[in-house]
1. What shape does the stretch B:110-179 take by its C-alpha gyration tensor, where a ≥ b ≥ c are the square roots of the eigenvalues and a/c under 1.5 counts as rounded, a/b above b/c as prolate, and the rest as oblate?
2. How many Å³ per residue does the convex hull of the Cα positions in chain B occupy?
3. For chain A, modelled as a Gaussian network with Cα springs under 10 Å, which listed residue fluctuates most, A:I46, A:I11, A:I72?
4. Which FRET efficiency, nearest 0.05, do B:E11 and B:Q289 yield, Cβ-Cβ r, R0 30 Å?
5. With θ set to phi - 60°, apply the Karplus curve 6.51 cos²θ - 1.76 cosθ + 1.60 along the stretch A:54-64 and write out the HN-Hα couplings as whole Hz, x wherever there is a Gly or Pro.
6. Looking at chain A, which trypsin sites (Lys or Arg not before Pro) are DSSP coil and have at most 13 other C-beta atoms within 10 Å of their C-beta?
7. Highest first, please rank the peptides B:300-308, A:48-56, B:214-222, B:384-392 by the mean number of other Cβ atoms sitting within 10 Å of their residues.
8. According to a simple spin-label model (label point 7 Å from Cα along Cα-to-Cβ), what is the distance in nm between B:H237 and B:E270?
Amino acid sequence: MSVDATTVRRIAHLARIAVSDAEVPHLQGELNAMLAFVEQLSEVNIDGVEPMTSVTPMEMKKRADVVNDGEIADDIVRNAPDAMNHFFLVPKVVE
Amino acid sequence: MTDLTSLTIAEAREGLASKSFTAVELTDAHLAAIEAARVLNAYVLETPDRAREMARAADEKIAKGEGGPLAGIPLGIKDLFATRDIRTTACSKILGNFIPPYESTVTSQLWRDGAVLLGKLNNDEFAMGSSNETSCFGPVTNPWRREGSNTTLVPGGSSGGSASAVAALLCMGATATDTGGSIRQPAAFTATVGIKPTYGRCSRWGIVAFASSLDQAGPIARTTRDAAILMRSMAGHDPKDTTSVDIAVPDYEAAIGKSVKGMKIGIPREYRLDGMPAEIEKLWSEGAQWLKAAGAELVEVSLPHTKYALPAYYIVAPAEASSNLARYDGVRYGLREPAKNIIEMYENSRADGFGDEVRRRVLIGTYVLSAGYYDAYYLRAQKVRTLIKKDFEDCFAKGVNAILTPATPSAAFGIGEKGGADPVEMYLNDIFTVTVNMAGLPGIAVPAGKDTQGLPLGLQLIGRPFDEETLFSLGEVIEQAAGRFAAPKWW
C-alpha cells in the first residue's frame, strides 16, 4: 500500500500537524518508504494467532478507589503557556 | 583530581567509605570534566549547584555511617526523565522550558540511595533515533574516533548523551531508556555497558513516553559490575505504573563473578545476516568461545521470525507514539504558536514543535491506526509480535539460559552519514536489538572488541524474563576476556 498527496494531507490533519503544500511530496516519499519496508509483514502466516495485548502476562493491578492526590492546582498550571485563576486559556471555541 | 573521574562506581564507593576522598571532591572532579568537554554536547543542562548540594548531603550521611548504596556517586540523567524543578525537555522544542513539579520514580530511587545529579543528558528527540542527531539541542559527539582520523562520529542513540558522557568520564554512570535499542546500540558504539531490563522491571512513571509497550529504563556504565549496582537502585515495583511488576529486586551485583558453568547459550542462526561484516562475525564467534571457555555450552537455535521484528516495530512504535504525543497540544504545557482558532493553534504548535523524525513517526502512526487500516497494519503487527515472543519462549523452553548475538551491524558512523535519503537506512541499526523490546525480554550490550579502524564493537546477551542476573554473570565473563576499552582523550 502507498499514500497519495491527498492522504498525506488527511493524515496530517488527523494528527493535528500543519503541513505546507511544499512539504507534501517529500513527506509522501518518506511515508511510502516506511510503508514499503513494513510490507514484508504480509508474507507472515498469522492465522489463529492472538495479537499481543500485554507484554508480561500479568493481571492489571487496580488501586483502591480513594483520593490519594490533589490540591495541586498551582503545580498543574505552572507550565501552561496561558492560564488564569487555575484555568488553561485557549482561543475562543464557542461563539 | 582529574583521575577521580576514571574510577568505576565500585572503586569510588570504596574510596568514599575509606575516606580517601569526599563526595564533594568526586563531584567537583566531574563538574570540571564536564566543563572541559562541552564540545561533545553530551549534557543539555548542567546542574553544578544541585550537584554540590547533593554531594555535601552525601558526605554528611557517609560521616554518620548512613550513606546509601550510591552515596556520593555522581550520575548523568537522560533528559527523558522528569526531574523536579529541573528543566526536562525530551530534547524536543515542543517541551521548550518544561519544569516538572514531580520526580520520575527511577531517579527518585537513585536520590534515595544517595546518588548525585550532575545534569541532564542529550538524546534523540522523544528518544526517536539511532544516532542522537534528532535532538533539538544538536547532535552528540562520540569520544571515539577512527584511528588517524578527525571525523566526528555519532555515539548512537537515542541515549547518545548518556553513552558519550559515560565513555568520556563525564559521569560515573547514567540513566537511559530503550524502546528499540536505545540503551544497547549507543553502549556498543562507545565501549560502555548498557542493559535494557525486562519490561516491567523499572517503573516508567515520570519518563517521557514514546511507545508505552516497548519503553524501559536501564543504566549505562563503564563495567558490568557498575551497571549491576545501578540496576538495583533503578528497579522495583511502583504502584504508579500498572505495568511495573511486583517482584523482589535481587542483589544484581552478587551475580558478578558467579560461575556460568553448564549454562546453555543459544546462537541464533537468523542473526547471521547476508553481507555481515567479517569483523562482526569474528567478534561474535570470539564471544561464543569465551563463554565456552568459562564452561558454558553453545547450542545453535532458531528464531524464525527475527526478520519481521523491525518492520513490526515500525508499526507498533509509531502507532503508540502518535497516541502518546497527542498530549502536546500547546494548552497545558510546552510550546504554543498563536492562531486564530484552536485547531490551527494545535496544528501550528505541533508543526513548529516537533522535529522531522518525530513528525514522520506521528504521521505514520496516525495512518496505521486510522479507520480502514487498523487491521492491515496494527493488528497484524501485534500478531507478528506474538510470534516473535513465541520464538524466544520455544528457545528458553529447550533449556537455553541466554542468547548471544552481535549488538549492532556496524561500528559508529559519521554525523550526517545515514538516513538522509531513506529513513529506513537509519532504522536498520536496531536490527539485532529490536526483537528484545518486541518480546519484552532483558538484553545487555557489553564491549567485546574493536573493528579494523579502532572503533569499539559490542556483543548482546538476551535473557529469560526477569533473569537479568544471568546476563550480568555472562556479561562479566565477556568483560574479563575482552578487557576494558577507553577512548583516547582529544577534547
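A short reminder: the numbers here are calculations on the coordinates, not readings from a lab. Predicted model only: the values in this text are computed from it and were never measured. When we count neighbours, we look across all protein chains shown, and the Cβ atoms used for this are built from the backbone with ideal geometry, even at glycine.
1. Because a/c hits 1.5 or more and a/b fails to exceed b/c, the stretch B:110-179 counts as oblate.
2. Values: hull volume 68.9 nm³, N = 491.
Convex hull of Cα atoms, per residue: 140 Å³.
3. Among A:I46, A:I11, A:I72, the largest mean-square fluctuation in the Gaussian network model of chain A belongs to A:I72.
4. On the way: r = 29 Å, r/R0 = 0.98.
After rounding, the FRET efficiency stands at 0.55.
5. 9, 5, 10, x, 7, 7, 4, 6, 10, 8, 4
6. Values: sites: A:R9, A:R10, A:R16, A:K61, A:K62, A:R63, A:R78, A:K92; in loops: A:R16, A:K61, A:K62, A:R63, A:R78, A:K92.
Filter output for chain A: A:K61, A:K62, A:R63, A:K92.
7. My ranking of the peptides, most packed first, is B:214-222, B:384-392, B:300-308, A:48-56.
8. 3.4 nm
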